[in-house]
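One structure is given here, and the rest of the page talks about it.
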Amino acid sequence: MAGGHRLLLENARQVVLVCARGERFLAGAALRSLEVLEGASLVVGTDGFIKAIGPADAIQKQFSEETFEERIDCSGKCILPGLVDAHTHPVWAGERVHEFAMKLAGATYMDIHQAGGGINFTVERTRQASEEELYSSFQQRLGCMMRAGTTLVECKSGYGLSLETELKMLRVIERARRNLDIGISVTYCGAHSVPKGKTASEAADDIIKNHLPRLKELGRNGEIHVDNIDVFCEKGVFDLDSTRRILQSGKDTGLQINFHGDELHPMKAAELGAELGAQAVSHLEEVSDEGIAAMATARCSAVLLPTTAYMLRLKQPRARKMLDEGVIVALGSDFNPNAYCFSMPVVMHLACVNMRMSMPEALAAATINAAYALGKSHTQGSLEVGKQGDLIIINSPRWEHLIYQFGGHHELIDYVIAKGKVIYKK
Ligand SMILES: [Zn+2]
């Protein structure tokens, strides 16, 4: 193969850059419209990073003497950044389709939890499963996400609770991170639930004294890599004080704070996140006005999860209020055995209809802002020279079809590309 470049995408009807001035996130008025080029081409180098984006004729002139490993004619099609899913629980064993039936009949999340179902069911099955079984199902799920346009996904542990099983999950995530093309941001979520026989405070002590030092050691040896620390801050799970202690200890060992807060009850989790310098707080169905203001000031992103509110019939988080106050709003699928959704296009659609977000707001929330929530917006989340060549090509003349055609993404997405390499072709 003669030098040259990896990939040339030619003459797209639209190239949605999302932003074009190196912004790390988009908030407030910047979300009214996104940067879109018409009739444009894009070049990715052999290093996987974007080398040029511009009018098709100008790119053709500039690169007429160059060779490419692959060229794709994008006439009549749109190029968008690869989607970023900022919140998932994708490593587990034990389907919970039976609980979906219970919920349809009126049971709440807490009803199921107290009847020994919910997370405890998944924890038991995940503890019993071998690393190989967990990897195999995890890999399949990542494939589904990727074919729905996701090129960067946050993956949490948290169905082990014991150190042994948490480490098993993190090793499974590490294997995928090293072997697969999809980008992965790794979150330790050992404080996802309080293990049976312990109080929240005892569980917090165990995490701080035993789990976190072990993670640090394994990170130093290069055995696993962890980016973020998460806690399920909720009434009857981890109270505010235990949450604070765990998150602060995680931050002290070098992890980014990214946690579940204000979901079922107002907990002042948003205020805590702002105070601790959290990168993100997820859920926020019950966030206070003060919490919203504090998050906006602290540039702590809000990861909203439209599937959870939809499936659990919770009240919707106040996305409009957050957007109006300048909070950095991101989106995640919350993929887990309780909310079985792989698809960020479906998530964006739900965000628009149920949370009253505009389509540009939803796309920014599923690209640049979701990358920000993971501390990755300097390399991912928009199409700009110098960023990773992570993108999707859809077969429609306007990018909004990706949101408009509810559930139609499998028909629309022609290519998924990571670092300039085609990882899915329809
Ligand atoms: Zn979650």
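What to note about this one:
- Rounded to the nearest 500, the helix-only mean residue ellipticity at 222 nm of the chain stands at -10000 deg cm²/dmol, with each DSSP H run of n ≥ 4 adding -39,500 (n - 2.57).
- Legend: translational diffusion of region 288-335 by Stokes-Einstein, Rh = Kirkwood radius over C-alpha pairs, 37 °C, 0.692 mPa s; D = 295 µm²/s.
- Quotient of the Cα radius of gyration of region 82-174 and 2.2 N^0.38 Å, N being its number of residues: 1.16.
- Kirkwood Rh and Cα Rg combined as Rg/Rh, region 277-426: 0.97
- Springs join every pair of Cα atoms under 10 Å in this Gaussian network model of the chain, and among 228, 354, 369 the largest mean-square fluctuation is at 354.
- Taking a straight line from the alpha carbon of residue 268, these lysines sit under 16 Å away, with near neighbours fewer than eight places off in the same chain left out: 235.
- Among the listed pairs 103/251; 168/198; 77/376; 168/251; 216/315, those beyond 30 Å (Cα-Cα): 103/251; 216/315
- Helix 163-179 axis, angle to the chain major axis (alpha carbon atoms, nearest 10°): 10 degrees
- Applying a DSSP loop filter and a limit of 12 other Cβ atoms within 10 Å to the GluC sites (Glu not before Pro) in region 30-113 leaves 65.
- Evaluated over the chain, the Cα radius of gyration and Dmax, each in Å: 21.1, 69
- P(r) tail for region 339-417: Cα pairs beyond 20 Å make up 34% of the total.
- Residues 233, 78 arranged by fewest to most Cβ contacts within 10 Å: 78, 233
- Seen against the Cα atoms of the chain and their longest principal axis, helix 344-354 is set at about 70 degrees.
- Within the shell of other residues whose beta carbon sits under 15 angstrom from the beta carbon of residue 337, the net charge comes to +1, with Lys and Arg scored +1 and Asp and Glu -1.
- Normalising the average separation of contacting C-alpha pairs (under 8 angstrom, six or more residues apart) by the number of residues puts the relative contact order of region 156-241 at 34 percent.
- Among the trypsin sites (Lys or Arg not before Pro) within region 1-67, those in coil by DSSP and having at most 10 neighbouring Cβ atoms inside 10 Å are 21, 32.
- Shape descriptor for region 123-246: Rg over Rh equals 0.98 (Cα atoms; Rh from the Kirkwood inverse mean 1/r).
- Relative contact order [Cα under 8 Å, 6+ residues apart], the chain, whole percent: 22 percent
- Rounded to the nearest 10 degrees, the angle from helix 119-128 to the longest Cα principal axis of the chain is 80 degrees.
- When region 13-110 is reduced to its Cα atoms, the Kirkwood hydrodynamic radius in Å: 17.8 Å
- Average 1/r across all pairs of distinct alpha carbons in region 41-88, invert it, and you get the Kirkwood radius: 12.7 Å.
- Whole-number D in µm²/s for region 247-356 (Stokes-Einstein; Kirkwood sum over Cα pairs; 4 °C, 1.567 mPa s): 93 µm²/s
- Sorting 14-20, 126-132 by average packing, meaning the other beta carbons within 10 Å per residue, from highest down gives 14-20, 126-132.
- Region 62-101: Rg to Rh, with Rh as the Kirkwood radius over Cα pairs: 1.31
Each value in this text was obtained by applying a stated rule to the coordinates, not by laboratory testing. Because the structure is predicted, anything quoted here is derived from the model rather than measured. Quick reminder, even Gly has a Cβ in these numbers, built from the backbone with ideal geometry, and neighbours come from all protein chains shown.
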